[in-house]
Amino acid sequence: MALELKSSDNKIFEVEELVAVQSETIKSLVEDGCADNVIPLPNVDSKTLELVLDWCKNHVDMKLDEEKLKEYEDKFIEVDQAVLYDLLLAANYLNIKDLLNRACQKVADMLKGKTPEQIRETLNIVNDFSPEEEEEIRKENLWAFEE
Amino acid sequence: MEREREGERNGVDISVLPEGCISNIVSLTSPKDACTACAVSPIFRAAAESNAVWETFLPPDYQAIITRSSSTSLDSSNFSSKKQLYLSLSDNPILIDDNKKSFFLDKSSGKKCYLLAARDLCIVWGGTPQYWRWISLPESRFPEVAKLLDEWWFDIRGKIHTSMLSPNTNYAAYLVYKLARRAYGFTNPPPKASVGKSGEGEDYKQTVCLCMPAVEPSQQDQVVLPQQHTSHPKLRKDGWLEIELGEFFNKGGEDELQIRLMEVEAGTQKTGLIVEGIEIRPTKG
């Protein structure tokens, strides 16, 4: 059975139900009988939705081949930061646990072992703390800054 | 839409992620990284200090372990957050199991660590007052430590169930001790140590050189077998000495680990060893 999903930029995607219900959000809609018409996904653009659906399809196809799936996942998550955040947000909104975890892990790996300055540079974060605030936080967490 | 964002710094802004997602991300790093993350930005601080994050760093059975302590100050309501509880368990070991064990967390990894008190160990002839005396020392965390008065049969054993330890972790065991002024008998020959599963046969890989070079006045020749590794004492922050007895990798599961330190062959008289206990903690790196 096929479902129709509509991205935020009004593109329609026809998807097999088995693939689409990898998303717990869509699964609930199907179970509640609300999936007969096109399902609007105002929070996901077509570029991201295409990637997400590719993930879901491969997770159905490769379900029994752990090694192949891992290889696919590792390659899949090698995207630039903007795409990574879009995937993370989409996975969160659509409630696709394995994609959410993998995307979170990728960002986590970018943070490990870095100083606050390095984290800010990697993630393009503005430092909203005053120098006094930052000093206080460093003092509170002194052990993490010693080496 | 993409071009608009490029006008800003690269257009990638982590604040688009809900706090719950950022907490999720931080919980996949490490306790140390979570503390560093607090200094990044207010959003990161809120996420990194959340109970959701620190609950994942605490061992899954931390509540059960805390209930094994008779101390009332460990009521979790005394801690303003899971982070405070984590830091407290790392910095301030707690006594459990009728004051026979001391429990703490390895701060950087959250892995479980124990110091088994001398009273928790099997010290051969430990109950015989001519050989071993049980005394109270202010610098000990336990009510009693064992002091060796005079013995040639030296055999100390500690045991712990591997289920009490963190799985998939490389651990090392250490004798925590002091030497009285006139300690002797531990050099020629030095005791040997083994660390392994109970009942699997003992493999004595480690020769244990208990004496700091300055303490032993006579430089006797030490008999060190070529295939054995010799460990030397280090001074700990709590003022005791420690010496490595061996390492083992804990896969998890329900085994019993045995740590043994022994010298029973030479018939040489030994005296002056004060035993605080045996500590088991993860190796670094």
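Values in this text are rule-based calculations from the coordinates and carry no lab data. All values derive from a computational prediction rather than experimental measurement. Please note: Cβ atoms are built from the backbone with ideal geometry, for glycine as well, and neighbour counts cover all protein chains shown.
Numbers at a glance
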read-out: Charged-residue dipole, Cβ positions (Lys, Arg, Asp, Glu), segment B:114-219 about Cα centre, Debye nearest 20; value: 200
read-out: Test item: Cα-centred dipole of the protein assembly as shown, Lys/Arg +1 and Asp/Glu -1 on Cβ, debye; value: 2180
read-out: Global form of segment B:74-125, assessed from the alpha-carbon gyration tensor, a/c cut-off 1.5; value: oblate
read-out: Residue among B:Val208, B:Val275, B:Val16 with the largest mean-square fluctuation in a Gaussian network model of chain B, springs linking Cα atoms under 10 Å; value: B:Val16
read-out: Chain B, relative contact order in percent, only Cα pairs under 8 angstrom and at least six apart counted; value: 20
read-out: Violating pairs (Cα-Cα greater than 18 angstrom) within the set A:Lys27/A:Lys106; B:Lys197/B:Lys270; A:Lys112/B:Lys82; B:Lys101/B:Lys270; B:Lys32/B:Lys112; value: A:Lys27/A:Lys106; B:Lys197/B:Lys270; A:Lys112/B:Lys82; B:Lys101/B:Lys270
read-out: Base-10 log of normalised Debye intensity for chain A (one unit scatterer per alpha-carbon) at q = 0.12, 0.17 Å⁻¹; value: -0.62, -0.95
read-out: Principal-axis tilt of helix A:97-111 within chain A, Cα atoms, nearest 10 degrees; value: 20
read-out: Net charge over other residues, Cβ less than 13 angstrom from the Cβ of B:Trp152 (K, R count +1; D, E count -1); value: -4
read-out: Table column - 3J(HN,Hα) (Hz), segment B:49-55, Karplus curve with 6.51, -1.76, 1.60, x for Gly and Pro; value: 8, 5, 4, 4, 5, 6, 5
read-out: For A:108-114, mean number of other protein chain Cβ atoms within 10 Å; value: 6
read-out: For B:Tyr86, net neighbour charge (Lys/Arg +1, Asp/Glu -1) across residues whose Cβ lies under 15 Å away; value: -1
read-out: Per-selection metrics, segment A:55-94 (Cα): Rg and Dmax in Å; value: 11.3, 31
read-out: Loop trypsin sites (Lys or Arg not before Pro), segment A:86-147, which have at most 16 other Cβ atoms in a 10 Å radius of their Cβ (DSSP); value: A:Lys112
read-out: Neighbourhood net charge (10 Å Cβ-Cβ; Lys/Arg +1, Asp/Glu -1) for B:Ala117; value: -1
read-out: Integer Hz, Karplus 6.51/-1.76/1.60 couplings in order for segment A:18-24, x for Gly and Pro; value: 4, 6, 5, 7, 4, 8, 4
